[in-house]
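A.B. asks: Here's a structure for you.
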Amino acid sequence: MSRDFLQSTSRLCSGGRLFPLVVGSLLLLHLFSFAHQRNGQSGETRLSAIQSTQFHILEKVEEENIQLPQPRKRSARAAKRKPKRPATFIDEFLDESSQLRNVFFPDQRTAVDPRKDYGNDTYYYHPGKIWLDTEGNPIQAHGGGILYNARTKMYYWYGEYKDGPTYHAHKKGAARVDVIGVSCYSSKDLWTWKNEGIVLAAEEKNEIHDLYKSNVLERPKVIYNDKTSKYVMWMHIDDSNYTKASVGVAISELPTGPFRYLYSKQPHGYDSRDMTLFKDDDGVAYLIYSSEHNKDLHIGSLNEEYTDVTQSMRKILIGQHREAPTLFKHQGTYYMITSGCTSWSPNEALAHASESIMGPWETIGNPCMGGNKIFRLTTFFAQGTFVVPLSGLPGLFIFMADRWNPADLKDSRYVWLPLTNNFGIPLWSRLSIYWHKKWR
């Protein structure tokens, strides 16, 4: 039960003996409901003592103590002519010449290399550090997602391959890299990643093709269709001016491709930008996308082949200007984490919950824990892209996020952190993403 709830109840009942009775009754009700939910699940959902210990370690709140650098000295005349506002942490984050650059983007010397034996430090994630694949190259899978094959126990990580120069239309214009394609990496342990190559490549010659190199391909997600035995990829497709605002679809016989591009469209007749996919327990798949110039989010089911949307669609979080949706499910409740719309500037994440995927959705607050206030208000200087359920560890997830580097997009970093569900009032979980400098 949350401290905020106890404090609010205390204020309501502080005048008499009702307070202990109310709190005691609610605690009993809460524990009974929790026990009933837990006992109603299969044996796989009962956490062992070892797993509980692991959760306790992951839920330890770590603090950060970074300070803004002293402002550069200016002449009295310059200061009088144009007073300079104090710099913020976001200014420093976006300034490639900042003294804090190495805090946000540690250099190659600290890269995480799975080919090396680190002893007791092996298998540790280091959010924000360069992460190498099994060939010793930085992983290029931005804005991506994970597909898990339960039969082979293999994870596949798909993302934007951005290993090219970053272009800016003008100084404050959107940063972009020519389309190279969608990359795929495979892993048995979510830490050691083998590069499977470009599984959906850019179009080099046909200038009217959606995948022509000067266009935009973002946030690829892949799901498996059990009926057709096909792997289906959806992605955000746009032109260089971000006016096309569509989704693209591709299919493959194998998780490692090659994927065959089918077409693009504006789903349900609406513009679509940041998007994700979600496959439910019953096999029905859904497209979730930012629409109406990022004002609303839309959720719509896919057809049986997962290659098109159906007519079923619901608008959610109307007028809230949220993007970068990540959606997952835990014990019958749907959860989603979204980002604000501030271009490349990091902002505050919000978590949302619903008993039905089509809504209504309730916003349950900022899930970020630890670091410091500015870390929490900037989603640890990153933006969410996917949530990975961990097989065999119910209630524990990995929150995948990108720490974008608009000055050099190929050097954007990965921020993977533990996400847990803490039962509260109401009796669905309060999501918590815990900051750690390193964890496993």
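A.B. asks: Given 10 Å bins starting at zero, what is the percent of C-alpha pairs of the stretch 174-314 in each, up to the one with the largest pair distance?
C.D. replies: Binned Cα distances yield the sequence 12, 41, 36, 12, 0.
A.B. asks: Summing +1 for each Lys or Arg and -1 for each Asp or Glu, what net charge is found among the other residues whose Cβ lies under 12 Å from the Cβ of Ser187? Could the numbers behind the result be given before it?
C.D. replies: Details: positive: Lys153, Lys188, Lys194; negative: Asp133, Asp189, Glu196.
Here the count lands on 0.
A.B. asks: Positive end of the charge dipole of the stretch 89-434 (Lys, Arg +1 and Asp, Glu -1 on Cβ, about the Cα centre): tell me which of Ile130, Gly370, Val309 has its Cα farthest that way.
C.D. replies: Going by the charge dipole, the pick is Gly370.
A.B. asks: Taking the Cβ of Tyr155 as the center, what net charge do the other residues with Cβ under 13 Å away carry, scoring Lys and Arg +1 and Asp and Glu -1?
C.D. replies: On the way: positive: Arg151, Lys153, Lys188, Lys194; negative: Asp189, Glu196.
Around Tyr155, the surrounding residues sum to +2.
A.B. asks: While we're on this one: Explain nothing, just compute: Karplus ³J(HN,Hα) = 6.51 cos²θ - 1.76 cosθ + 1.60, θ = phi - 60°, for every residue of the stretch 314-329 in order, whole Hz, x for Gly and Pro.
C.D. replies: Calculated HN-Hα couplings, in order: 9, 8, 10, 6, 5, x, 9, 6, 10, 9, 6, x, 10, 10, 8, 10 Hz.
A.B. asks: Shifting gears a bit: For the stretch 225-288 and the stretch 343-392, what is the centre-to-centre distance using only Cα atoms, to the nearest Å?
C.D. replies: If you average the Cα positions of each part, the centres end up 23 Å apart.
A.B. asks: Okay, next question. Would you mind checking which residues have amide H under 5 Å from Arg440's amide H? H placed 1.01 Å from N; only 5 or more apart, or other chain.
C.D. replies: Placed amide hydrogens put Tyr125 under 5 Å from Arg440.
A.B. asks: At a probe radius of 1.4 Å, what is the per-residue accessible area of Met313, in Å² to the nearest 10?
C.D. replies: Spelled out: Met313, probe radius 1.4 Å, area about 50 Å².
A.B. asks: To continue, here is another question. Could you please put Arg219, Arg273 in sequence from largest to smallest accessible area, using a 1.4 Å probe?
C.D. replies: On the way: Arg219 10, Arg273 40 Å².
Sorted by accessible area, descending: Arg273, Arg219.
A.B. asks: Now for a different question. Using only the heavy atoms of the protein chains and a 1.4 Å probe, how would Lys60, Lys205, Lys295 rank by accessible area, largest first?
C.D. replies: Numbers: Lys60 130, Lys205 175, Lys295 70 Å².
The ordering from most to least exposed comes out as Lys205, Lys60, Lys295.
A.B. asks: How would the stretch 89-434 be classified by its alpha-carbon gyration tensor: rounded, prolate or oblate, with rounded meaning a/c under 1.5 and the a/b versus b/c comparison settling the rest?
C.D. replies: Numbers: a/c = 1.18, a/b = 1.07, b/c = 1.11.
Rounded, since a/c falls under 1.5.
A.B. asks: Across the stretch 368-375, in residue order, what do the Karplus-derived ³J(HN,Hα) couplings come to in whole Hz, using 6.51 cos²θ - 1.76 cosθ + 1.60 with θ = phi - 60° and x for Gly and Pro?
C.D. replies: Running phi through 6.51 cos²θ - 1.76 cosθ + 1.60 with θ = phi - 60° gives 6, 10, x, x, 7, 4, 5, 4 Hz.
A.B. asks: Still on this model: Ranked highest first by the average count of other Cβ atoms within 10 Å around their residues, in what order do 252-264, 320-332 fall? Display every interim value, and only then the final one.
C.D. replies: Working: 252-264: 17.2, 320-332: 19.7.
Going from most to least packed, we get 320-332, 252-264.
A.B. asks: For Gly144, what residues show an amide H to amide H distance below 5 Å, using hydrogens built from the backbone and excluding near sequence neighbours?
C.D. replies: Hits under the 5 Å cutoff: Glu160.
A.B. asks: How large is ³J(HN,Hα) for each residue in the stretch 408-416, as worked out from phi by the Karplus curve 6.51 cos²θ - 1.76 cosθ + 1.60 (θ = phi - 60°), to whole Hz, x for Gly and Pro?
C.D. replies: Karplus-based 3J(HN,Hα) across the stretch 408-416 equals 7, 4, 5, 9, 5, 10, 10, 10, 9 Hz.
A.B. asks: Collect residues whose amide H, placed 1.01 Å from N in the peptide plane, falls under 5 Å from the amide H of Trp361; neighbours closer than 5 in sequence don't count.
C.D. replies: Answer set, sorted by chain and number: Leu317.
A.B. asks: Calculate the spin-label point distance for Glu362 paired with Glu348, positioning each point 7 Å from the Cα along the beta-carbon direction, and give it in nanometres.
C.D. replies: For Glu348 paired with Glu362, the spin-label model returns 1.9 nm.
The values are calculated or read from the model by the stated rules, or taken from the named source; none is laboratory data. Bear in mind that the values here come from a model prediction, so they are computed numbers and not experimental data. Using ideal geometry, Cβ is built from the backbone for each residue, glycine included, and neighbour counts are taken over all protein chains shown. Accessible surface areas use protein heavy atoms only, side chains included; no ligands, DNA or RNA. Shrake-Rupley method; radii C 1.70, N 1.55, O 1.52, S 1.80 Å.
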